[in-house]
Amino acid sequence: MNGPLSQPDTMGASFRLFTSRLYALNSCIVDTPDLVLVVDPGYLPDEIEGIRSYVDEMRQGRPLYLLLTHSDSDHIAGYGAFADATVIASQAFVEHPDREAAVEEVKAIDDDFYIDRPYPLIYPKVDHVIGNDGQQLTVGRTTLQFFQAVGHNRDGLAAWIEPGGLLMPGDYLSDLEFPFVTDSYEAYDETLAKLSAILQSNEGATLIPCHGSITADPAEIDRRIRLSETYLSLVADIASGAQDSAAYGQFVAAHGLRFPHFLRKQHEANLALYRTQK
Ligand SMILES: [Zn+2]
């Protein structure tokens, strides 16, 4: 884990971030007088153990919630260490068409790296199901408001947390990635518009994406929104022939995106999906 980041908040909320050595996966622990919320605990067993110890030490009798932003393998791998929490996820997460395959994906990665986990790998059991856009969960003075965030995958959920003004978008608005679209381009556009509206109407919001760095800088938030929008138009242009495929390399360079081998694979998958949807 990289050095955890924390940010005290005068409104009585703070958070601490743990970033995994794999995928730069962020696990955020939100701490308010009313509750402790863990978002996507991951990824390696020693990292998850560290997060669990931290939570056990600071919790002091408060209710413990676990938000799973979506069912991708990196986001559910740590569930077993927090199975005692009140688990929050979307209705679509609960209705996953192939839970076994979702768990097998975690097992396959663990096998590749000979990773043993001290808890069984099972598909998360959800206690608090979010079916509606804008649905709220209020505990004392803390409000968690949830938004369907579909497009990257089919069961994403974003959360807006007050006090604190924290936006947990899931796998959107990262500074390490362009949009990875595995579900639907139309849904992705809608999610992006929704997240942009939340960020633009809440001055002082802190954006805490699941991968990469967090930011409260309005200029950086705008840059990330534009990065996503520009990439989605680029895919449309390459597919229609309006831009040639070399424009992708220019986009990656212009936005300072690292990890070109992995990103190239995602880009090819994005293009293939686009051609089936448009
Ligand atoms: Zn994902």
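The values are calculated or read from the model by the stated rules, or taken from the named source; none is laboratory data. All values reported here derive from a predicted model rather than from experimental measurement. Don't worry about glycine lacking a Cβ; one is built from the backbone with ideal geometry, like all the others, and counts go over all protein chains shown. These accessible areas exclude ligands, DNA and RNA; they are computed on the full protein's heavy atoms, side chains included. Shrake-Rupley method; radii C 1.70, N 1.55, O 1.52, S 1.80 Å.
Looking at the structure I just gave you, is ARG258 open to solvent by 40 Å² or more (accessible area, probe 1.4 Å) and in a helix (DSSP H, G or I)?
Working: open to solvent by 40 Å² or more (accessible area, probe 1.4 Å): yes; in a helix (DSSP H, G or I): no.
Here the answer is no, as ARG258 does not meet what is asked.
Taking into account only those residues within the stretch 42-70 that are of a type in the set (Ser, Thr, Tyr) and open to solvent by 10 Å² or more (accessible area, probe 1.4 Å), which is farthest from the ligand (Cβ to nearest atom)? Quick ask: steps written out before the conclusion?
First, pick out the residues of the stretch 42-70 that are of a type in the set (Ser, Thr, Tyr): 43, 53-54, 65, 69.
Cutting the leftovers down to open to solvent by 10 Å² or more (accessible area, probe 1.4 Å) gives us 53-54, 65.
Working: SER53: 26, TYR54: 24, TYR65: 20 Å.
Of everything passing the filter in the stretch 42-70, SER53 is farthest from the ligand (Cβ to nearest atom).
Can you pull out every residue in the stretch 101-140 that is closer than 22 Å to TRP160 by Cα and open to solvent by 90 Å² or more (accessible area, probe 1.4 Å)?
If the condition is that a residue be closer than 22 Å to TRP160 by Cα and open to solvent by 90 Å² or more (accessible area, probe 1.4 Å), then ASN132, GLN136 are the ones that fit.
Does the stretch 110-130 hold any residues that are free of Cβ contacts under 8 Å to residues at least 60 places away in the same chain and in contact with an Asp or Glu (Cβ under 8 Å, 6 or more places away or on another chain), and which are they?
Once the filter is applied, which keeps residues that are free of Cβ contacts under 8 Å to residues at least 60 places away in the same chain and in contact with an Asp or Glu (Cβ under 8 Å, 6 or more places away or on another chain), the stretch 110-130 yields ASP110, LEU121, TYR123.
Sort through GLU177, GLU190, GLU220 and tell me the only one that's at pLDDT 95 or above, under 26 Å from PRO41 (Cβ atoms) and within 17 Å of the chain's Cα centre (by Cα).
Values: GLU190 fails: under 26 Å from PRO41 (Cβ atoms); GLU220 fails: within 17 Å of the chain's Cα centre (by Cα).
None of the other options fit; the residue is GLU177.
Can you say whether ALA102 is within 15 Å of the ligand (Cβ to nearest atom) and either touching a residue at least 60 places away in the same chain (Cβ under 8 Å) or in a loop (DSSP other than H, G, I, E, B) (or both), as far as the supplied structure shows? Steps first, answer last, please.
Working: within 15 Å of the ligand (Cβ to nearest atom): yes; either touching a residue at least 60 places away in the same chain (Cβ under 8 Å) or in a loop (DSSP other than H, G, I, E, B) (or both): no.
So ALA102 fails the test.
Name the residues in the stretch 240-255 that are under 26 Å from the mean Cα position of the chain (by Cα) and either part of a loop (DSSP other than H, G, I, E, B) or at positive phi (or both), would you?
First pass over the stretch 240-255, keeping only residues under 26 Å from the mean Cα position of the chain (by Cα): 248-249, 251-255.
Within the stretch 240-255, just HIS255 meets the criteria.
Return only the number of the condition from (1) within 19 Å of the chain's Cα centre (by Cα); (2) under 22 Å from ARG141 (Cα atoms); (3) open to solvent by less than 30 Å² (accessible area, probe 1.4 Å) that PHE18 does not satisfy.
(2)
Residue by residue through the stretch 165-179, note down the ones that are buried (at least 22 other Cβ atoms within 10 Å of the Cβ) and in a loop (DSSP other than H, G, I, E, B). Lay out the reasoning, then the answer.
Keep residues of the stretch 165-179 that are buried (at least 22 other Cβ atoms within 10 Å of the Cβ), which gives 166-174, 177-179.
Those that are buried (at least 22 other Cβ atoms within 10 Å of the Cβ) and in a loop (DSSP other than H, G, I, E, B): PRO169, GLY170, ASP171, TYR172, LEU173, SER174, GLU177, PHE178, PRO179.
For residues that are open to solvent by less than 10 Å² (accessible area, probe 1.4 Å) and under 16 Å from the mean Cα position of the chain (by Cα), scanning just the stretch 197-210, find the one that is farthest from PHE180 (Cα to Cα).
In the first step, residues of the stretch 197-210 are kept if they are open to solvent by less than 10 Å² (accessible area, probe 1.4 Å); the result is 205-210.
Narrowing further to those that are under 16 Å from the mean Cα position of the chain (by Cα): 206-210.
Values: THR206: 22, LEU207: 18, ILE208: 17, PRO209: 14, CYS210: 13 Å.
Among residues in the stretch 197-210 that are open to solvent by less than 10 Å² (accessible area, probe 1.4 Å) and under 16 Å from the mean Cα position of the chain (by Cα), the one farthest from PHE180 (Cα to Cα) is THR206.
In this structure, is THR191 open to solvent by 60 Å² or more (accessible area, probe 1.4 Å) and of a type in the set (Ser, Thr, Tyr)?
Values: open to solvent by 60 Å² or more (accessible area, probe 1.4 Å): no; of a type in the set (Ser, Thr, Tyr): yes.
No, not satisfied.
Please go through the stretch 180-211 and give me each residue that is among the basic types (Lys, Arg) and in a loop (DSSP other than H, G, I, E, B), ordered by number. Can you show your working first?
Initially, the stretch 180-211 is screened for residues among the basic types (Lys, Arg), giving 194.
None - no residue of the stretch 180-211 is among the basic types (Lys, Arg) and in a loop (DSSP other than H, G, I, E, B), so the list stays empty.
List the pairs whose first member sits in the stretch 141-156 and is within 18 Å of TYR185 (Cβ to Cβ) and of a type in the set (D, E, K, R), whose second member is more than 10 Å from the ligand (Cβ to nearest atom) and part of a loop (DSSP other than H, G, I, E, B), and whose Cβ atoms are under 7 Å apart, counting only residues at least 6 apart or on separate chains?
Listed pairs, sorted by first residue: ARG154/ASP183; ASP155/HIS96.
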